[in-house]
1. For a quick check of your reading of the model, give me the residue pairs whose first member lies in the stretch 154-167 and is crowded, with 23+ Cβ neighbours inside 10 Å, whose second is of a type in the set (V, I, T), with beta-carbon atoms closer than 8 Å and at least 6 apart or on different chains.
2. Are any residues in the stretch 256-283 outside any loop (DSSP other than H, G, I, E, B) and surrounded by 13 or more Cβ atoms within 10 Å (Cβ to Cβ), and if so, which ones?
3. If you take just the helices (runs of 4 or more DSSP H) that sit entirely in the stretch 1-99, which of them hold at least 1 residues that are more than 16 Å from the chain's Cα centre (by Cα) and under 21 Å from G225 (Cβ atoms)?
4. Any idea which residue in the stretch 224-239 is surrounded by the most Cβ atoms within 10 Å (Cβ to Cβ), counting only those that are under 16 Å from S33 (Cβ atoms) and more than 16 Å from ligand 1 (Cβ to nearest atom)?
5. Please go through the stretch 7-37 and give me each residue that is within 13 Å of ligand 2 (Cβ to nearest atom) and surrounded by fewer than 22 Cβ atoms within 10 Å (Cβ to Cβ), ordered by number.
6. Could you list, in sequence order, the residues of the stretch 116-167 that are among the basic types (K, R), closer than 30 Å to T37 by Cβ and in contact with a helix residue (DSSP H, G or I) (Cβ under 7 Å, 6 or more places away or on another chain)?
7. Tell me, yes or no, whether the stretch 246-263 has at least one residue that is within 25 Å of the chain's Cα centre (by Cα), over 14 Å from I138 (Cβ atoms) and of a type in the set (K, R).
8. In the stretch 1-26, which residues are among the polar types (S, T, N, Q) and farther than 15 Å from H142 by Cβ?
Amino acid sequence: MRILERRFVQAFVQMANEGYEQGWHERNGGNLSYRLTEHEVDSVRDRLLDHGEWHEIGASVPGLAGEFFLVTGTGKFFRNIVVDPEASIALIEIDEKGEKYRIRWGLVEGGLPTSELPTHLLNHEVKKRVTGGKHRIIYHAHTTNIIALSYVLPLDDLIFTRELWEMATECPVVFPEGVGVVPWMVPGGREIGIATSELMEEYNAVIWAHHGMFCSGETFDSTFGLMHTIEKAAEILVKVRSMSPTKLQTITPDQFRALAKGFNITLPEKFLYEKDENGMPKK
Ligand code: 2HA
Ligand code: ZN
């Protein structure tokens, strides 16, 4: 079977296209990576190139030694992934130290993996460890409303989480652990990757101020669904704040506690703080 016909490749391409259709991937914005199962690596092994040269990752990820990832290419446009996946995405192999990678398939017209490879792999390394290998997907998108909110809300995990939770009853059920926030940093390198992966120890979604968001998940559906749920909550919050600087009513801390009981989830008390007259945590 051709690599393009493999189920995980088709799911990857479909998800990338759905993100494009949401308006989250202008030009070459955003990137996606998927950690293959051993079975998937075996199923494609006889179709891989074996002459790719090794490149520095730009970060050290010993926890990912020998793993294979399907990744989007740097400078490639999400809108073209469904049209010509072989030219837009690549299958890469990590070396036995977790310092280098080489391309084993894809990017047939040339190119390299996403400029955010350090952040993707540092996040994968954390998530592989903390989920016992369950999480396989890291997704970065330029989600319009989350970006807009990063100009008007304090860049604080507690405030972003609480304000987003209040925007739809489903939100705390979908992301009970909350969302992390990285202040503005230069993208494309190790430093922002480390800051993001530290937050990924606790969260499955991390906002990059004035840039976008990273989500981690087990399946393509759940990872896309997490990005979609958070961005929709952000859209509602933008609408609420556009109509009025204050809320007439909202979901209260005690209602969140009742929801947690009813849905058998844990909502950390740190997000259920008392608010002052400006809607900020009471000092
Ligand atoms: O251009 O989104 O963060 C790809 C990106 C960089
Ligand atoms: Zn980006």
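1. F160/V179; F160/V181; F160/I207; T161/V179; L164/V179; L164/I230; W165/I251
2. First, the residues of the stretch 256-283 that are outside any loop (DSSP other than H, G, I, E, B): 256-263, 269-271, 275, 281.
Selection gives F256, R257, L259, A260, F263, F271, K275, P281.
3. Fully inside the stretch 1-99 and qualifying: 7-21, 78-81.
4. Result: F224.
5. The answer is E26, R27, N28, G29.
6. The first filter runs over the stretch 116-167 and keeps only residues among the basic types (K, R), leaving 127-129, 134, 136, 162.
If we keep only those that are closer than 30 Å to T37 by Cβ too, we end up with 127-129, 134, 136.
Once the filter is applied, which keeps residues that are among the basic types (K, R), closer than 30 Å to T37 by Cβ and in contact with a helix residue (DSSP H, G or I) (Cβ under 7 Å, 6 or more places away or on another chain), the stretch 116-167 yields K127, K128, R129.
7. No - not one qualifying residue is present in the stretch 246-263.
8. Q10, Q14, N17
Every read-out reported here was derived from the displayed coordinates using simple, explicitly stated rules and does not represent laboratory data. Since the model is a prediction, treat every value here as computed from it, not as a measurement. Reconstructed Cβ throughout: ideal geometry from the backbone, glycine too, with neighbour counts over all protein chains shown.
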